[in-house]
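Presented below is the structure to which this report refers.
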Amino acid sequence: MNTFRTAFPSILVAAALLVPVTSHAQDATLSGTVNDSTGAVLPGVTVTALHEASGNTFFVATDAQGGYRMPVRIGAYRVTAELPGFATVTVPQIELLVGQNANIPFVLTVATLRETVTVTGE
C-alpha cells in the first residue's frame, strides 16, 4: 500500500504531461505557395483561413519564396489569398482531418485598375 501512495503523485504528473501531446493530435496544417500568372513567386501575400464552424480566423503572410505554412484545428475552412494590386482568390471549402497537411497553391492575377479622379474647384 505504501508503494501506491508514493507512486500515485508520479502517475498524476505523468498524466498531466501527456495532455498537451494529445491536444496536438487534433491539429492539421495548411501550406502551399502563391504565384502570379507568370509563375513568379509572390512574397507578402496575406493568406487567411476562416474556420466555418467556429468563425475563428487564422492569418499568415507568405515568405520570400512565396510559401506559407499555417497550423490550424481540424474542420472545414474557407481559405483566401490577397495582395494589393492582385485579384483576391478564395478556395470555398477545405475539409481538414486529424494530422492532415493540405497543400493549397494559389495563382493570383493582376487586378483591373480602377482610378477615381475627384476635381474640386470654384
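Throughout, read-outs are computed from the coordinates displayed, never taken from laboratory work. These numbers were taken from a predicted model, which means no experiment stands behind them. Glycine also receives a Cβ, built like all others from the backbone with ideal geometry; neighbour counts cover every protein chain displayed.
Just to check I understand the Karplus step: with θ = phi - 60° and J = 6.51 cos²θ - 1.76 cosθ + 1.60, what whole-Hz values come out for region 99-104, glycine and proline as x?
Karplus-based 3J(HN,Hα) across region 99-104 equals x, 6, 10, 8, 8, 10 Hz.
Starting from the amide H of N56, placed 1.01 Å from N in the peptide plane, find each other amide H under 5 Å away whose residue is 5 or more places distant or on another chain.
Under 5 Å from the amide H of N56 lie the amide H atoms of H51, each far enough along the sequence or on another chain.
Which loop-located trypsin sites (Lys or Arg not before Pro) does region 38-95 contain, where loop means any DSSP state but H, G, I, E or B and the Cβ has at most 16 other Cβ atoms within 10 Å?
Those that pass, being in a loop and sparsely packed, number zero.
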